[in-house]
């Protein structure tokens, strides 16, 4: 089965507290796992010993089965609400979508 991966990397501002970041992690998980367009969702904190993360500390992987699902997710009100909540705390974000190859 083909899977469309939506990779999101966050670099939070130094001024954002650990409690706020934890609330944002939970908010992303809560809305993403309740949308029917989302096939799978996982996330984690960077723990690479290579030191090449350029300050990005969080990786979120949202999986879709179709581009139509991804395209419905992006403007979805719950996603947009999360983006509004997140923006004041982001230093940088990187998003990359790809079709998974085996």
Extension length gain for residue 93 and residue 23 (0.36 nm per residue less Cα distance), in nm, is 23.4 nm
Dividing the mean separation of Cα pairs under 8 Å (6+ apart) by the residue count of the chain yields a relative contact order in percent of 51
Counting only DSSP beta bridges fully inside the range 4-97, the antiparallel percentage to nearest 5 is 100
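When the helix-only estimate is applied to the chain (DSSP H runs of n ≥ 4, each -39,500 (n - 2.57), divided by the residue count), what is the mean residue ellipticity at 222 nm, nearest 500 deg cm²/dmol?
Taking each H run of at least 4 residues, the total per residue is -9500 deg cm²/dmol.
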Dividing the alpha-carbon radius of gyration of the chain by 2.2 N^0.38 Å, where N counts its residues, gives 1.08
Most exposed to least, judged by fewest other Cβ atoms within 10 Å, 43, 99 sort to 99, 43
The residues 39, 79, sorted from fewest to most surrounding Cβ atoms within 10 Å, come out as 39, 79
In this structure, the FRET efficiency calculated for residue 83 and residue 2 from their beta-carbon separation, with R0 = 30 Å, to the nearest 0.05, is 0.70
Expressed in angstrom and rounded, the centroid-to-centroid distance over alpha carbons for the range 39-61 and the range 71-102 is 15
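A short reminder: the numbers here are calculations on the coordinates, not readings from a lab. Given the structure is predicted, the values throughout are model-derived calculations rather than measurements. Please note: Cβ atoms are built from the backbone with ideal geometry, for glycine as well, and neighbour counts cover all protein chains shown.
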